[in-house]
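The values are calculated or read from the model by the stated rules, or taken from the named source; none is laboratory data. Here the structure is a predicted model, which is why all the values come from computation and not from measurement. Methodologically, a virtual Cβ is constructed for each residue, glycine included, from the backbone with ideal geometry; neighbour enumeration extends over all protein chains shown.
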Amino acid sequence: MAGRILVINPNSSGDVTDRMSDALEGLRFADGPVIDCATLAEGPPGIETDCHIADVVAPIVTTVEREQNRTDAFVIACFSDPGLHAAREVSRVPVYGIAQCGYAAAIAVGERFGVISILSRSLPRHRRHIGSLGLLDKLAGDLAIDMGVTELAQKDKVLDRMTAVGSKLRKDHGADVLVMGCAGMAQYRRLLEQRVGIPVIEPTQSATSVALNAVQAAHA
């Protein structure tokens, strides 16, 4: 077994990359594909607007072009899936977006999923994306904790807000599975699941698992 998966954090926050890498530790194993996580230095501290998304497409594509000769699969680790289609256009290896994979994992687990987002202004963008995937009938609701990417290290505050939002999605909106709507939330999956009492999907784990399966199959 060999191979390499490159998980690209499109924002410039190294601590987000570190938390993301920690959440992927369970997917690393002896003789398995290397799972590297990289921070996009050209990105903003957090990708929170459509302008941020537009700004990181070119450097994501450049990274994919530069790294593809030594990489077997890419994961774009931002819940807006920025540059996903452009990266696929230039890549000779698979490129996965965490939102697409997170939603796919959610509908494999439950009937209707709820999304826990960071900011309220993200909600229309998420709805457009979910609609483009034909999954609006599976969406129970999308609620924000109203904290930015750079605030997600505030463990107690973040976890309390995520718990409140997750509980509301379960009780009031009928969600039977939750999707965490930001890669920076990765460290809270297990605790949130225990608190809310329904499955919680961490989308970077989901996308990396799909990439892992693809790389293993290619090297079988």
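Some notes on this structure:
- Selection within the range 36-52: residues that are under 30 Å from His219 (Cα atoms) and touching a helix residue (DSSP H, G or I) at 6+ places or on another chain (Cβ under 6 Å). The member of this set that is surrounded by the fewest Cβ atoms within 10 Å (Cβ to Cβ) is Thr39.
Each row is one residue, and each column tells you yes or no for (1) modelled with pLDDT of 95 or more; (2) in contact with a helix residue (DSSP H, G or I) (Cβ under 8 Å, 6 or more places away or on another chain).
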position	(1), (2)
Ile130	yes, yes
Asp137	yes, no
Gly141	yes, yes
Thr150	no, no
Asp156	no, no
Asp172	yes, no
Met185	no, yes
Ala211	yes, no
Ala220	no, no
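- For the residues Asp55, Asp31, the requirement of being outside the structural domain of Pro124 (by TED's automatic domain parsing), over 19 Å from the mean Cα position of the chain (by Cα) and either crowded, with 22+ Cβ neighbours inside 10 Å or not aromatic (Phe, Trp, Tyr) (or both) singles out Asp31.
- Within the range 13-58, the residues that satisfy the criterion of being modelled with pLDDT under 90 and among the small types (Gly, Ala, Ser) are Ser13, Gly14, Ala30, Gly32, Gly43, Gly46.
- All conditions but one from (1) in contact (Cβ under 8 Å) with a residue 40 or more places away in the chain; (2) touching a helix residue (DSSP H, G or I) at 6+ places or on another chain (Cβ under 8 Å); (3) assigned to a helix (DSSP H, G or I) apply to Glu67; the one that does not is (2).
- Boolean, Ala108 is assigned by TED's automatic domain parsing to the domain that holds Met20 and either crowded, with 19+ Cβ neighbours inside 10 Å or more than 14 Å from the chain's Cα centre (by Cα) (or both): no
- Filter result for Arg92 (of a type in the set (Lys, Arg), assigned by TED's automatic domain parsing to the domain that holds Val34, in contact (Cβ under 8 Å) with a residue 60 or more places away in the chain and surrounded by fewer than 16 Cβ atoms within 10 Å (Cβ to Cβ)): no
- Within the option set Val196, Val179, Val200, Val165, being in contact with a helix residue (DSSP H, G or I) (Cβ under 8 Å, 6 or more places away or on another chain), crowded, with 19+ Cβ neighbours inside 10 Å, farther than 22 Å from Gly97 by Cβ and not small (Gly, Ala, Ser) holds for one residue only, Val196.
- When each of Gly141, Gly131 is tested for being in contact (Cβ under 8 Å) with a residue 12 or more places away in the chain, more than 25 Å from Gly14 (Cα to Cα) and not assigned by TED's automatic domain parsing to the domain that holds Thr17, the lone residue that passes is Gly141.
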